[in-house]
Structure formats: structure tokens, C-alpha cells
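The values are calculated or read from the model by the stated rules, or taken from the named source; none is laboratory data. Quick caveat, the model's predicted, so the values are computed rather than measured. Here the Cβ is made from the backbone with ideal geometry for all residues, glycine too, and neighbour counts use every protein chain on show.
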Amino acid sequence: MSLTRLKMLYKVRTMDIDCAISDSPANSKSRQVIILNCLDGKYSNDIARDIQQGMTASQKYIPCKYFYDALGSRLFKKICQLPEYYPTRTELSILKEIAPELMGAFANRDLVELGSGANLKIRILLDAAGKSNRSSMRYIPMDISEFAIAEALADLIERYPELQVMGVVADFTSQLDVLPTKRPLMLCFLGSTIGNMSKDESISFLRTVAENIKSDDKLLIGFDMVKPRGTMEAAYNDSRGITSEFNKNILNVLNRELNADFDSSQFDHRAFFNEDESRIEMHLRANSDILVKLGSIRMEVELKKGETIHTENSRKFTNDIIEGIAEESGLSIQKWYSDSKKWFSLVVMCPAPSADSEML
Ligand code: SAH
Ligand code: AVI
């Protein structure tokens with residue numbers, strides 16, 4: 001669906017989430033999706049600051065959240081369908097198995113999804129919830145990409161007319177406080193997006209989550225596990241070149257948002273497994289000496305031939321790493337699900353009881 005057609009289907013509001021959601025009744029015939037945009041001017045301030053920092057660091061970098069403009073979100077959707085990109089189909093296969101257990105009793109609850117992207121995975125949970133649960137529950141996706149939210153919700157209101165939905169365009173690393181807290185909730189963080197954060201970032205993020213949810217709320221997190229290097233590297237170096245296109249598109253985002261003049265043909269896509277850090281790294285490597293102007297931040301950046309801009313880390317986990325993260329974040333592991341090859345884990349966590357409450 002084009003962005004223009006989508007824009008006819010949704011209204012963007014800036015208001016309190018609980019008001020906005022009650023303003024978006026299910027069942028009305030000409031339903032319009034309500035999207036709460038919490039990014040406003042924040043995105044342009046953040047990108048100017050982040051790129052200034054990233055382009056002056058000794059290893060130049062661009063934070064990976066800037067991949068996801070409308071084209072980036074579309075390219076990521078294509079990546080998920082690639083034969084080499086095993087995480088999506090592996091996680092989907094586990095979700096299909098466990099969805100009835102997770103969603104059987106979901107009446108009057110909120111299903112919140114962080115970094116929601118396309119709606120393939122959440123549909124499995126919504127299908128398993130059944131119509132009766134769906135008519136009293138709410139689905140609240142949060143994503144930095146307005147396009148991804150609008151496209152996913154336009155489809156979901158057609159599929160599930162009884163479901164209340166509310167999109168939130170926000171940065172989950174700094175804006176979790178906008179999420180609703182009144183009803184019991186399950187917060188999903190799928191796709192191993194947690195792997196795109198460093199260890200410290202993921203712990204500080206999960207601590208904030210743990211502090212913002214109630215003791216009987218749940219967190220469902222997807223983790224991509226360490227596996228043979230060839231399998232992991234192929235997933236980020238696909239034969240159709242879609243991941244390369246996705247990687248280079250981040251330069252188009254900078255051109256548009258910061259009036260820069262990157263020429264993506266002067267860069268090559270590089271992705272490899274860094275064993276010491278247990279992560280796939282993606283870089284853009286200059287194939288000649290390059291001088292780039294970033295007009296809006298009055299900056300000139302020089303890259304020598306062979307120099308790289310680091311665009312993404314995608315950490316690969318072990319059971320020990322996941323247990324360590326949960327413990328350091330103040331979360332308890334309730335359930336652990338995996339596929340037969342142990343390539344992907346879906347882990348249900350909840351806030352760990354505090355020392356005070358354990359003594360009672
Ligand atoms: N959960 C989906 C999509 C994963 S792609 C799946 O499993 O397939 C990562 C998603 O997170 C993208 O839709 C991207 O727009 C979103 N995202 C990345 N960084 C973000 C941030 N800081 N805040 C909010 N959303 C973010
Ligand atoms: C969203 N995230 C978990 C993906 C990943 O695998 O790290 C993004 C991606 N980058 C290249 N391919 C997919």
C-alpha cells in the first residue's frame with residue numbers, strides 16, 4: 001500500500017494514550033486508525049546529535065534505528081522472506097506452537113509490541129487469542145517508523161474488526177513512559193531486536209521496562225542464538241543483495257534528513273561475525289576516498305578508501321548470556337521456548353520479586 005493511500009486511513013494525534021484509545025472505537029464502520037506520534041521534533045534533534053557524534057568517532061558509526069524510513073521498513077520486510085534469513089521463520093515456528101498457551105486467557109488485557117514492524121508475528125498471537133478475547137483486548141504497537149505502524153494497523157483492522165488498536169510512533173529506548181499502564185499487559189519484543197543493542201543498552205532498557213510494568217505483567221522477548229558462523233553470515237549477505245540495499249538505504253535517510261550528499265555507490269556492504277563480541281557487524285566500506293557534506297549540521301566528513309561506517313550490531317546469544325541479562329535487569333525467567341535446532345529462543349520474563357517483598 002502506498003504512503004499516500006495509507007495517510008487517508010489514519011489520523012495522527014498527539015494526546016494521552018488512554019484518551020486516544022477510547023477515541024478509536026472498534027465496530028464503527030468507517031474505522032480510521034489512530035496513531036499517536038510522540039516523536040514530533042525529537043527525531044530531527046536526535047538524528048542531528050547522533051550523526052554529529054557518530055561521524056566524529058574514531059570508528060565512524062550510524063545508529064541502526066535510522067534504517068527504518070518507509071523504504072527501510074519495506075526492505076526489512078523483504079529480508080524476512082529471504083531463504084538465508086532464518087530468524088524470522090524460526091521464531092514464527094516457535095510462536096505458532098506457543099501462541100495458544102500465551103493467548104488463551106487474554107480478555108481485558110493489552111498486547112503491547114515494541115519495534116513492531118510488519119504484523120506477521122503478532123497475527124499469530126491475535127489468531128490464537130480468538131474473537132472473544134480480541135473483543136475486549138487492545139493491541140498497541142510502538143515503532144519509530146510511522147509507515148510500518150500505519151501499514152500494519154490498516155491491515156489488522158480489516159482482519160479483526162472487533163479489536164481495539166492504537167499505534168504509537170516513538171523511540172523505545174527513551175519513550176517507554178508513554179505506554180498504557182492501567183490494564184494487565186504482555187509486552188512483546190520480537191525478532192531479536194534486543195540484539196541490536198549493546199549489553200549495557202539492553203540491560204538499561206530492560207531495567208526501565210521492569211520498572212514500568214506491574215508484577216503480574218509479562219514480557220516476551222525473542223533472542224537469536226549463536227550457531228555455525230556460515231549460517232549467521234549468510235543471513236546478512238543474501239544472494240539477492242537485499243541486505244546490502246537495506247544497509248545502503250541508511251545513507252539516503254541521512255541525505256534527506258540532514259541535507260547530506262552521500263553517494264551510496266561509493267560504499268560496499270560488509271557483514272561478518274565478530275566472535276569475540278558474539279555479534280554480526282554490518283558496515284559500509286568506502287570504495288574510494290570520499291568527502292561528504294551534511295548541510296543541516298554544517299559538517300564535512302572525509303573517508304579514506306577502505307574505511308568503514310559501522311551501521312549495526314546484531315548480537316547472537318547463549319543461554320548464559322540471556323540468564324545474565326535477565327538477572328542484571330531485575331527480571332525473572334518464567335518460561336523458555338526454543339526450536340529443535342536451538343537456533344532461536346522466545347523467553348517469557350516478569351519483574352523479579354524485590355528483596356523486600358520476598359521477606360514478607
Ligand atoms: N519485530 C519485528 C520487526 C523487527 S525490525 C520482527 O520481529 O520482524 C526492528 C523494528 O524496530 C523496526 O520496525 C524498526 O522501525 C523498529 N525500531 C528500531 N529501533 C527503534 C527504536 N529505537 N524505537 C522504536 N522502534 C525502533
Ligand atoms: C531488526 N534486527 C533484529 C535485524 C537483525 O537481524 O539484526 C535487522 C537486520 N539487519 C540486517 N538484516 C536484518
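At a glance:
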{"quantity": "Where a residue in the stretch 270-298 is closer than 17 Å to residue 63 by Cβ and free of Cβ contacts under 8 Å to residues at least 60 places away in the same chain and its partner, wherever it lies, is away from ligand 2 (no atom under 13 Å from the Cβ) and among the β-branched types (Val, Ile, Thr), with Cβ under 7 Å and at least six apart", "calculated": "283/308; 283/309; 284/308; 284/309"}
{"quantity": "Within the stretch 184-198, considering residues that are part of a helix (DSSP H, G or I) and touching a helix residue (DSSP H, G or I) at 6+ places or on another chain (Cβ under 6 Å), the one nearest to ligand 1 (Cβ to nearest atom)", "calculated": "196"}
{"quantity": "Residue check, residue 306 touching a Pro at 6+ places or on another chain (Cβ under 7 Å) and either exposed (fewer than 15 other Cβ atoms within 10 Å of the Cβ) or over 21 Å from residue 237 (Cβ atoms) (or both)", "calculated": "no"}
{"quantity": "Where residue 321 falls short, out of the listed (1) surrounded by fewer than 18 Cβ atoms within 10 Å (Cβ to Cβ); (2) aliphatic (A, V, I, L, M); (3) over 26 Å from residue 229 (Cβ atoms)", "calculated": "(3)"}
{"quantity": "Matching entry among 233, 257, 277 (being closer than 24 Å to residue 318 by Cα, charged (D, E, K, R) and in a helix (DSSP H, G or I))", "calculated": "233"}
{"quantity": "Residues (more than 10 Å from ligand 1 (Cβ to nearest atom) and over 23 Å from residue 235 (Cα atoms)) located in the stretch 202-212", "calculated": "203, 204, 206, 207, 208, 209, 210, 211, 212"}
{"quantity": "Condition check for residue 235: crowded, with 17+ Cβ neighbours inside 10 Å and within 16 Å of ligand 1 (Cβ to nearest atom)", "calculated": "yes"}
{"quantity": "Candidate set from the stretch 48-73 (those that are surrounded by 17 or more Cβ atoms within 10 Å (Cβ to Cβ) and out of contact with any Ser or Thr (no Cβ under 9 Å at 6 or more places or on another chain)); member that is nearest to residue 171 (Cα to Cα)", "calculated": "51"}
{"quantity": "The listed residue being modelled with pLDDT under 95, among the aliphatic types (A, V, I, L, M) and surrounded by 14 or more Cβ atoms within 10 Å (Cβ to Cβ), out of 112, 12", "calculated": "12"}
{"quantity": "Odd one out for residue 275, checked against (1) away from ligand 2 (no atom under 16 Å from the Cβ); (2) within 29 Å of residue 341 (Cα to Cα); (3) crowded, with 17+ Cβ neighbours inside 10 Å", "calculated": "(3)"}
{"quantity": "Residues satisfying the stated conditions in the stretch 246-263, i.e. under 18 Å from residue 74 (Cα atoms) and buried (at least 17 other Cβ atoms within 10 Å of the Cβ)", "calculated": "246, 247, 248, 249, 250, 251, 253, 254"}
{"quantity": "Pair list, Cβ < 6 Å and 6+ apart or interchain, from the stretch 140-158 residues that are over 17 Å from residue 110 (Cβ atoms) to residues that are part of a strand (DSSP E or B)", "calculated": "146/169; 150/10"}
{"quantity": "Of all residues in the stretch 113-153 being at positive phi and within 15 Å of ligand 2 (Cβ to nearest atom), the one that is farthest from the chain's Cα centre (by Cα)", "calculated": "117"}
{"quantity": "Identity of the residue in the stretch 166-186, under 13 Å from the mean Cα position of the chain (by Cα) and within 20 Å of residue 152 (Cα to Cα), that ends up surrounded by the most Cβ atoms within 10 Å (Cβ to Cβ)", "calculated": "168"}
{"quantity": "Residue count for the stretch 125-144, restricted to those that are touching a helix residue (DSSP H, G or I) at 6+ places or on another chain (Cβ under 6 Å) and either crowded, with 22+ Cβ neighbours inside 10 Å or among the basic types (Lys, Arg) (or both)", "calculated": "5"}
{"quantity": "The stretch 181-205 residues that are at positive phi, paired with ones that are within 16 Å of ligand 2 (Cβ to nearest atom) and part of a helix (DSSP H, G or I) (beta carbon under 9 Å, 6 or more apart)", "calculated": "191/80; 191/87; 191/88; 191/91; 191/121; 192/87; 192/91"}
{"quantity": "Test for residue 296: is it more than 21 Å from the chain's Cα centre (by Cα), of a type in the set (Ser, Thr, Tyr) and surrounded by fewer than 14 Cβ atoms within 10 Å (Cβ to Cβ)", "calculated": "no"}
